[in-house]
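A.B. asks: Pasting a structure here, questions to come.
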Amino acid sequence: MSATDQSPSSRAALDEVVAQVRSASKSRDILPALIERLAARELSAGIAPREAVKRVKRQLHQSGGAYFAGKPAYGRWLTALETADPEARRAELAHQFTIHRSMAERAGALEAYYSGLFAGIQAPACILDLACGLNPLGRPWMPVQPERYRACDIYLDMLDFVARASGLTGFPVETFAHDLAAGPPDEDGADVVLALKTLPCLDQIEPGAGARLIEGLTARHVIVTYPLLSLGGRQKGMEANYRRSFDAVARGSGRQVSELSLPGELGFRLSR
Ligand SMILES: C[S@@+](CC[C@H](N)C(=O)[O-])C[C@H]1O[C@@H](n2cnc3c(N)ncnc32)[C@H](O)[C@@H]1O
C-alpha cells in the first residue's frame, strides 16, 4: 500500500495506525511522512493494524528514540543559553549534549573529534549534516566555519531547538525535516556532507538505504562514520562488521576513500 494509492478502507486503516502511533508522546514530534511510510509498509505486508502500530513504534524507537538518555528540556535549555555569557554558554551546551547518546559519546573530546573529522578539508562554503541529532551545535568546536551549515533529522522539536540554540551561540544552523531512508535531500550546493553514525540506522529501516543514500549524493566530500560501541556500551565486533559494510558503500559510490583518525568512531572521507 502506498500512501497515495489506496481504497477508502485501506486509507482509513492507514490513517488510524498513523494517528495511534502519533498519539504516543515519544513519537508525537517525529516527521509524520516517515510514520506514514512505515505504517503503509506494515499494512501492505498484511499486518493487522494493532500489530502494525506496535511494529512502527518499535522501529521508531530503534532508529531515533533509543538515542535519548532522558526527556529533553528544550525550553529550559534555550533560556539557559540565552542568559549565559559566551564561556558559560559552551559549558551549558556541552552539558546539553549528554541527552543525545550519540553526541554524548564525543562530548568529552570535541576539539580532537572535529579536527580528525575535517582533516584535509579546506574552507568549505556549505556543510550539510544528515540525521544530525545535536551534532550541529558542535559548531563552536569545529575547525572549519562555512558560510552555511544545514542539517536535517526526523525529530521536529529537536530541529527547532538546534535552529534556535545555534542562533544564540552565534554559529547558526538552518534545519529541515527529511526522511533519509526515502533518499537524499536537496544538497543545495553543499561541498561537504556529514553522515555521522547514520547509515546503520537507515539500514535498519530499509536494508541497503545507507548505501543508496551515499550513492545519490553529489557533494565533493562525504564524511561517513560508524559507532564503535553499541548503545549498551558493548563492542560486539562492531568495528569488523562496519568495516565490511562500509566497503560495499565505498565501492558503490565510485569515490576515493581516506580513513579518518577519530576518538571513539570509525570514520571515512569519500571524495570526488
Ligand atoms: C546514531 S544517531 C546520529 C546522530 C548524529 N549524526 C551524531 O552523530 O551525533 C542517528 C540519528 O538518525 C536520525 N534518524 C533516524 N532515522 C532517520 C531517517 N529515516 N531520516 C533522517 N534521520 C534519521 C535519528 O533521529 C538520530 O538523530
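The values are calculated or read from the model by the stated rules, or taken from the named source; none is laboratory data. Note that the structure is a prediction, hence the values are computed from the model and not measured. All Cβ positions, glycine included, derive from the backbone under ideal geometry; neighbour counts span all protein chains shown.
A.B. asks: Yes or no: A88 closer than 18 Å to P136 by Cα, surrounded by fewer than 18 Cβ atoms within 10 Å (Cβ to Cβ), assigned by TED's automatic domain parsing to the domain that holds G133 and not β-branched (V, I, T)?
C.D. replies: Spelling it out, it is not the case that A88 is closer than 18 Å to P136 by Cα, surrounded by fewer than 18 Cβ atoms within 10 Å (Cβ to Cβ), assigned by TED's automatic domain parsing to the domain that holds G133 and not β-branched (V, I, T).
A.B. asks: Quick one: which residue in Q59, Q20, Q96 is crowded, with 17+ Cβ neighbours inside 10 Å, within 21 Å of N135 (Cβ to Cβ) and modelled with pLDDT of 95 or more?
C.D. replies: The match here is Q96.
A.B. asks: Looking at segment 186-205, is at least one residue under 20 Å from E111 (Cα atoms), small (G, A, S) and either within 18 Å of the chain's Cα centre (by Cα) or more than 15 Å from the ligand (Cβ to nearest atom) (or both)?
C.D. replies: yes
A.B. asks: Then there's this: What number goes with the only condition from (1) at pLDDT below 95; (2) surrounded by 11 or more Cβ atoms within 10 Å (Cβ to Cβ) that G254 does not pass?
C.D. replies: All conditions are met except number (2).
A.B. asks: Looking only at residues that are under 14 Å from the mean Cα position of the chain (by Cα) and near the ligand (Cβ under 10 Å from one of its atoms) in segment 206-220, which one is surrounded by the fewest Cβ atoms within 10 Å (Cβ to Cβ)?
C.D. replies: My answer is A209.
A.B. asks: Within segment 67-81, can you find the residues that are out of contact with any Leu (no Cβ under 6 Å at 6 or more places or on another chain) and touching a residue at least 24 places away in the same chain (Cβ under 8 Å)?
C.D. replies: Matches in segment 67-81: Y67, F68, A69, G70, P72, Y74, W77, L78.
A.B. asks: Between a residue in segment 173-195 that is among the polar types (S, T, N, Q) and any residue that is buried (at least 22 other Cβ atoms within 10 Å of the Cβ) and part of a loop (DSSP other than H, G, I, E, B), which pairs come within a Cβ distance under 8 Å, given they are 6 or more apart or on different chains?
C.D. replies: Short answer, once both residue conditions are applied: T175/C132.
A.B. asks: Then there is this: For segment 157-171, what are the residues that are surrounded by fewer than 16 Cβ atoms within 10 Å (Cβ to Cβ) and either within 15 Å of the ligand (Cβ to nearest atom) or more than 27 Å from G65 (Cβ to Cβ) (or both)?
C.D. replies: Listed by number, the residues that qualify are D157, D160, G170.
A.B. asks: Moving to a separate point now. Residues of segment 115-142 being of a type outside the set (V, I, T) and touching a Pro at 6+ places or on another chain (Cβ under 6 Å), which ones?
C.D. replies: Correct list: S115, F118, P124, A125, C126, D129.
A.B. asks: Inside segment 200-233, can you point out the residues that are part of a helix (DSSP H, G or I), touching a residue at least 60 places away in the same chain (Cβ under 8 Å) and of a type outside the set (A, V, I, L, M)?
C.D. replies: If the condition is that a residue be part of a helix (DSSP H, G or I), touching a residue at least 60 places away in the same chain (Cβ under 8 Å) and of a type outside the set (A, V, I, L, M), then C201, Q204 are the ones that fit.
A.B. asks: Is there any pair linking a residue in segment 88-102 that is away from the ligand (no atom under 16 Å from the Cβ) to one that is of a type outside the set (G, A, S) and assigned to a helix (DSSP H, G or I), with Cβ under 7 Å and at least six apart or on different chains, and which?
C.D. replies: Within 7 Å, the pairs are R89/L81; R89/T169; R90/P140; E92/L81.
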